[in-house]
Amino acid sequence: ANTQFDKIFEDHTAVMLLIDPMSGDIVKANDAAANFYGYPLDALENKSIQEINLFTKEQVAEERKNAKLQKRNYFIFRHQIASGEVKTVEVYSVPLEYAGRTLLFSIIQDISEQRQYQSDIWQYQENLEEMVDEQLSTINAKNNKIHAIYLTGITTLVTVALFLVYLLRITRNAEKRSFELSQIVEQSPSAIITTDHNGNILYQNNHSMRTLFANISKNKNVFAVLETLVNDQTRLNNAIKQRQPWVYDLSVNQGHTFLRVHLYPINSKQSSKSGYVFILDDITKQKQDEKQLRLTSTVFQTATEAVMICDKHYKIQAVNEAFTKITGFDSHEVLNQTPEILSAGLKNESIYKNIQHQLDENNQWQGEISNRRKSGEIYYEWLSITALRDNSGEIDAFVALFSDITKRKKAESKIYQQANYDSLTGLANRNLFLDRFEQALNKAERDHSYVTLLFIDLDGFKHVNDTLGHSQGDLLLKQTAQRLSATLRKSDTITRLGGDEFAVLISTEKCDFNIRKVAGKIQTAIARPFELENAQGFVSASIGITSYPNDGKDVETLMRKADSAMYKAKANGKNNFQFFTAEMDEKALKRRALESELRLAIEKQQFIVHYQAIFDTEKNHIYASEALVRWQHPEKGLLSPFHFIELAEELGLIADIGEFVLNTACDCAASWHKSFDNAPSISVNISSMQFQRDGFLESIENALNKSGLPAEKLILEITESVFIENDQKTITQLTKLADSGIKIAIDDFGTGYSSLSYLKKFPVNKLKIDRSFISDIEHNHENQALTKAIIAMGQSLKLEVIAEGVETRDQMQWLKDSECALIQGYWFAKPSDHEDFKTLLFKHNLRR
Ligand SMILES: Nc1nc2c(ncn2[C@@H]2O[C@H](COP(=O)(O)O[C@H]3[C@@H](O)[C@H](n4cnc5c(=O)[nH]c(N)nc54)O[C@@H]3COP(=O)(O)O)[C@@H](O)[C@H]2O)c(=O)[nH]1
């Protein structure tokens, strides 16, 4: 499963790291990460995250707290890249089982640019919601401001009208009303200045004297002042020349204050150039509001998150460009619709109810929901909604912000799939299975119910793999998964634990359900022939059964006991099921004890080698000797390989033991070589695992060099299983061994695989007829026929044939009469230690 994960991880364009949560060490990084951080991949994988994250321990803890409070599924950190530049990043982290370790799988997203950009245009990064909130009020205020502008205009016009009336009254000497009019002008919120036709001030109202207009009025000539402040002089001059009204927005006080200047010519009957009236208003606030509105609108339109504003009836009032980009809907298609337009048939009612409830209660809701784009495609969004209330506390509007998290969700789901499901069969993997097992036990404990575990191992699967190839083996495993799924209920958990091991979990309310029937159904389903690509595959199921609470209360105990029961089913001839019994536990315990003793034995070198003669009945001398390992157990005495070889193979310890035997045997054989003219060869058993191990040829070469034994005197006994691999490595290794003079013997010949073509293909020198054919050779005609056939085949292929397990003179004679002169067995000699073997040699072979 890791290989697939590795591929996705390495090829992904998102920045990804696997981090040891304890040390912070970066265990694995992808190319995207190397690019982003600017380090070569291996240098990055030698760093710890603390070297990159500028947050102190305390700051990291604080950020974690904040993320939790804000219910964020990501953290925001500051990462320093190789160039020294500091990036603001969002880090999404999940724990992940990887290569037997629990690591933090982190996806890093650079948000620096986005942050910087937003920071430039507005202090938006602090809280986008607040911004839009403010924007909303600004939008509302805009209407008010338009009113205000109208009002100012009207006021101005009214003021002008009043002033004209006022002047008219002056010219008509309407002194009666002049006091009243002067009061109105004096109290106007606008600064009002009248000038002669050259701009010299004739009159100015109170306001203009008191406020910043006082500075202007000091100059006594308005034209002169305006010349220094107005950029567009031509328009001003034209307006003066043509005696046209003129309006201009002035920026004074280093841009902190804005004035709107209205110029109106005053025409009198006496002169065509009577003068001017200037009305000035402070429009600084208005300008600021406009600027803010512009900025807010830019933020609204350029935000990377989609923004949707709804009125209190949930009718959409405004959306931004990001909304269109994510949903595919243009604003005119959604305005005055409810957000349900986005769900288009998706069953989101209960989520909407919950959102409504949360908004009523807390004014806020955020979470993950799925919606549909206009194209119909489903997408996932992270949505955050805020309810805005008016002064009386009534909901006035809703602001929804959302970002498209579909890509991230897909990546997460792929990773989840890999972490929890078996990629070959699609069944739950061990990880998910253990989790479900734990949950099932917790539930059973609460409900006083029952959980049954069936541990299934396929019998004969290795044979299918070895003979038909791994792809056919994989096909068989897939079909096994399908058969199990079809046989069991949906509520049952089926898992592939690894290799050819499957497990089934069944939760029941009562303990009296018929588990025998279920186990029987599984057996029947598996025993049916499997239709593979070009052949049929045959396997059966050995099943071990345990149940909660009878056999144990925790996952580990129940698994262990089911495993023991399964071994018992194997030992009982396979293709059957066994319920766990206390006696099995004892056996399993013994096995575990033996395992640790065996490891200790290797460490403490408790192995010795015995030698058994292979006798040449024609030449009457010892032709060779087989080296046989023994375990000098500190308490149990001398143990035969039958007690430990199988376990050593299962545990992968056989290669270490084998190497010890090889070295010891070569040393002894080399010493015989020095003492005898016709010194025997040494025959050493090589397990398939030892043969396949890297460095095997070197270990043979070392043993020969160290001992000084000629290569021709070494025989390697291998079983037919080595040839089954039939790969280039096997051919190359055997050829190299043969080229160096070493002899190859096939052990237990006749019991293994049927294809004999390998005898021609590989450089084999000797066949050792298995002792099961010899034990009753005097009476068993079938074995006689077989043995004769092997001897004849050996002769025609020019292979030496050795008969194993010769216990009686009659067996020896039968073999001799059948032209098989080389024999090994208790009749001539049992295996013995080196000293006794040497005595035997002195008796039968010629001393130098
Ligand atoms: N990979 C390795 N396998 C090894 C090594 N040493 C031994 N073995 C394998 O263990 C199996 C058991 O070996 P052992 O108990 O030593 O039995 C051998 C002989 O004692 C026994 N034998 C010999 N003659 C007779 C006989 O007349 N009757 C009788 N009942 N048994 C007899 O046969 C065993 C040798 O068999 P084989 O190897 O097939 O020639 C056994 O499979 C060993 O191969 C080791 O170092 N590495």
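Just so you know, all these numbers are worked out from the coordinates, no wet-lab data involved. Not measured: the values here are computed from a predicted model. Cβ atoms come from the backbone with ideal geometry, glycine included; neighbour counts cover every protein chain shown.
Assorted remarks:
- Dipole magnitude of the chain, debye to nearest 20 (Cβ charges: Lys/Arg +1, Asp/Glu -1, about Cα centre): 3040 debye
- Per-residue [θ]222 nm for the chain (sum of -39500 (n - 2.57) over DSSP H runs n ≥ 4, rounded to 500): -14500 deg cm²/dmol
- Computed from the alpha carbon atoms alone, the convex hull of the chain holds 265 Å³ per residue.
- Spacing of the two label points (7 Å from each Cα toward its C-beta) at residue 62 and residue 642, in nm: 7.3 nm
- Residue separation of residue 7 and residue 196 scaled by 0.36 nm, minus their Cα-Cα distance, works out to 59.4 nm of gained length.
- Here the Karplus relation 6.51 cos²θ - 1.76 cosθ + 1.60, evaluated at θ = phi - 60°, turns the backbone of segment 541-555 into coupling constants of 10, 9, 10, x, 10, 9, 9, 8, x, 4, 9, x, 10, 10, 4 Hz, with x for every Gly and Pro.
- Among beta bridges from DSSP that stay inside the chain, the antiparallel ones total about 85%.
- Estimated dipole of segment 589-664 in Debye, rounded to 20 [Cβ of Lys and Arg +1, of Asp and Glu -1, Cα centre]: 320 debye
- Net charge dipole size for segment 545-698 [Lys, Arg +1 and Asp, Glu -1 on Cβ; Debye, nearest 20]: 440 debye
- Tensor-based shape of segment 616-741 (alpha-carbon gyration tensor, a/c under 1.5 rounded, otherwise prolate or oblate): oblate
- Length released on extending from residue 71 to residue 391, taking residue separation times 0.36 nm less the Cα-Cα span: 112.3 nm
- Segment 308-313 - phi-based ³J(HN,Hα) in whole Hz, Karplus 6.51/-1.76/1.60, Gly and Pro as x: 9, 10, 10, 7, 5, 8
- Taking all Cα pairs closer than 8 Å and separated by 6 or more residues, the relative contact order of segment 383-433 comes to 22 percent.
- Segment 1-44 versus segment 635-654: alpha-carbon centroid distance in Å: 42 Å
- Percent RCO, i.e. relative contact order, over the chain, from Cα pairs under 8 Å lying at least 6 residues apart: 5 percent
- Seen through its C-alpha gyration tensor, with square-root eigenvalues sorted a ≥ b ≥ c, segment 1-54 comes out oblate because a/c lies at 1.5 or above while a/b is not bigger than b/c.
- Remark: the residue 249-residue 292 segment gains 13.7 nm on full extension, using 0.36 nm per residue and subtracting the alpha carbon distance.
- For the pair residue 592 and residue 692, a Förster radius of 35 Å applied to the C-beta separation gives a FRET efficiency near 0.85, rounded to the nearest 0.05.
- Sorted fewest first by neighbouring Cβ atoms within 10 angstrom, 691, 278, 513 come out as 513, 691, 278.
- Ranking 522, 44, 370 by Cα position along the charge dipole of the chain, where only Lys, Arg, Asp and Glu carry charges on their C-beta atoms, puts 370 farthest toward the positive end.
- At R0 = 22 Å, FRET efficiency that the Cβ-Cβ distance of residue 706 and residue 608 yields, to 0.05: 0.75
- Among 97, 819, the ranking by other beta carbons within 10 Å of each residue's beta carbon, starting with the fewest, stands as 819, 97.
- Per-pair calculated FRET efficiency, R0 = 35 Å: residue 350 and residue 557 via Cβ, rounded to 0.05: 0.30
- Dipole of segment 571-729 computed with +1 at Lys/Arg Cβ and -1 at Asp/Glu Cβ about the Cα centre; of 704, 572, 610, farthest Cα towards the positive end is 610.
- By the beta-carbon count within 10 Å of each Cβ, the least crowded to most crowded order of 47, 568, 71, fewest first, is 71, 47, 568.
- Label sites at residue 525 and residue 839, each approximated as a point 7 angstrom past Cα along Cα to Cβ, lie 6.3 nm apart.
- 0 to 90° range, to nearest 10: angle between helix 284-302 axis and the chain longest Cα axis: 30 degrees
- For residue 639, the residues whose amide H sits under 5 Å from its own are 631, 632, 633, ignoring neighbours fewer than 5 places away on the same chain, with H placed 1.01 Å from N.
- Measuring between their Cα centroids, segment 333-369 and segment 244-314 lie 40 Å from each other.
- Positive-pole candidate from 206, 283, 267, dipole of the chain, charges at beta carbon: 267
- √(5λ) per eigenvalue of the Cα gyration tensor, segment 784-848, largest first, Å: 26, 14, 10
- In order along segment 559-565, the Karplus-derived 3J(HN,Hα) couplings, from 6.51 cos²θ - 1.76 cosθ + 1.60 at θ = phi - 60°, round to 5, 4, 5, 5, 5, 4, 5 Hz, and Gly and Pro are given as x.
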